[in-house]
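This report refers to the structure that appears directly beneath it.
The values are calculated or read from the model by the stated rules, or taken from the named source; none is laboratory data. Here the structure is a predicted model, which is why all the values come from computation and not from measurement. Glycine also receives a Cβ, built like all others from the backbone with ideal geometry; neighbour counts cover every protein chain displayed. Calculation scope for accessible area: heavy atoms of the full protein, side chains included, ligands and nucleic acids excluded. Shrake-Rupley method; radii C 1.70, N 1.55, O 1.52, S 1.80 Å.
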Amino acid sequence: MGVPVALTSFEREDDRIGFSWQSPDREGFVGVARFEVIDAAGNAHPLGGSWESLSNSVGEGVRYQHYAAELPEGVEPVAVRATQAGVLVEGPWVFDLPR
């Protein structure tokens, strides 16, 4: 996509994980999503079924994002991976109202 994304902080508390990242605010780019944690054996474990917080804001040309979720039981992560990037798709979109 040509938009660099950098992890800026990481928090781990018991069975929860939180992380923040940032990227340049580029037209059409709304961030990354759908997260997995990777364990030491290289296995991927999806996050998101019980997410606690998600934020996405822009300030002074930088997009700031934060995500926090409960870890899958028994998983000890060594890395986190985003598997989806969001991009704006221009409309216009017209939806007929129900009668």
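The criterion of being without any contact (Cβ under 8 Å) to a residue 24 or more places away in the chain and within 20 Å of Ser9 (Cα to Cα) does not hold for Leu47. Note on segment 7-28: residues that are buried (at least 16 other Cβ atoms within 10 Å of the Cβ) and either within 10 Å of the chain's Cα centre (by Cα) or charged (D, E, K, R) (or both) amount to 4.
Looking only at segment 64-87, filter to residues that are farther than 17 Å from Pro4 by Cα and of a type in the set (A, V, I, L, M); which one of those is surrounded by the fewest Cβ atoms within 10 Å (Cβ to Cβ)? Quick ask: steps written out before the conclusion?
Here is the first cut: in segment 64-87, the ones farther than 17 Å from Pro4 by Cα are 67-79.
Filter once more, keeping what is of a type in the set (A, V, I, L, M): 68-69, 71, 75, 78-79.
Working: Ala68: 17, Ala69: 22, Leu71: 18, Val75: 14, Val78: 10, Ala79: 12.
Within segment 64-87, the match that is surrounded by the fewest Cβ atoms within 10 Å (Cβ to Cβ) is Val78.
When Ser55 is tested against (1) touching a His at 6+ places or on another chain (Cβ under 6 Å); (2) open to solvent by less than 40 Å² (accessible area, probe 1.4 Å); (3) polar (S, T, N, Q), just one condition goes unmet, and that condition is (2).
Take the conditions without any contact (Cβ under 8 Å) to a residue 24 or more places away in the chain and under 13 Å from Phe19 (Cα atoms) and apply them to Leu54. Does it pass? I'd like the intermediate steps shown before the answer.
Working: without any contact (Cβ under 8 Å) to a residue 24 or more places away in the chain: yes; under 13 Å from Phe19 (Cα atoms): yes.
It is true that Leu54 is without any contact (Cβ under 8 Å) to a residue 24 or more places away in the chain and under 13 Å from Phe19 (Cα atoms).
Contact annotation: residue pairs with Cβ atoms under 6 Å, 6 or more positions apart or on different chains, pairing a residue in segment 74-86 that is modelled with pLDDT under 90 with a partner that is hydrophobic (A, V, I, L, M, F, W, C) and open to solvent by 80 Å² or more (accessible area, probe 1.4 Å), are Ala85/Met1.
State the number of residues belonging to segment 65-87 that are part of a loop (DSSP other than H, G, I, E, B) and in contact with an Asp or Glu (Cβ under 8 Å, 6 or more places away or on another chain).
So the first thing to find is which residues in segment 65-87 are part of a loop (DSSP other than H, G, I, E, B), and the list is 71-76.
Next, from what is left, pick out any that are in contact with an Asp or Glu (Cβ under 8 Å, 6 or more places away or on another chain): 71, 73, 75-76.
Total meeting the criteria: 4.
Would it be correct to say that Ser50 is more than 28 Å from Gly2 (Cβ to Cβ) and either among the hydroxyl-bearing types (Ser, Thr, Tyr) or modelled with pLDDT under 90 (or both)? Please lay out each step first, then the result.
Working: more than 28 Å from Gly2 (Cβ to Cβ): yes; either among the hydroxyl-bearing types (Ser, Thr, Tyr) or modelled with pLDDT under 90 (or both): yes.
Spelling it out, Ser50 is indeed more than 28 Å from Gly2 (Cβ to Cβ) and either among the hydroxyl-bearing types (Ser, Thr, Tyr) or modelled with pLDDT under 90 (or both).
Exactly one residue out of Gly42, Gly48, Gly31 is of a type outside the set (A, V, I, L, M, F, W, C), open to solvent by less than 80 Å² (accessible area, probe 1.4 Å), within 30 Å of Gly91 (Cβ to Cβ) and assigned to a loop (DSSP other than H, G, I, E, B): that is Gly48.
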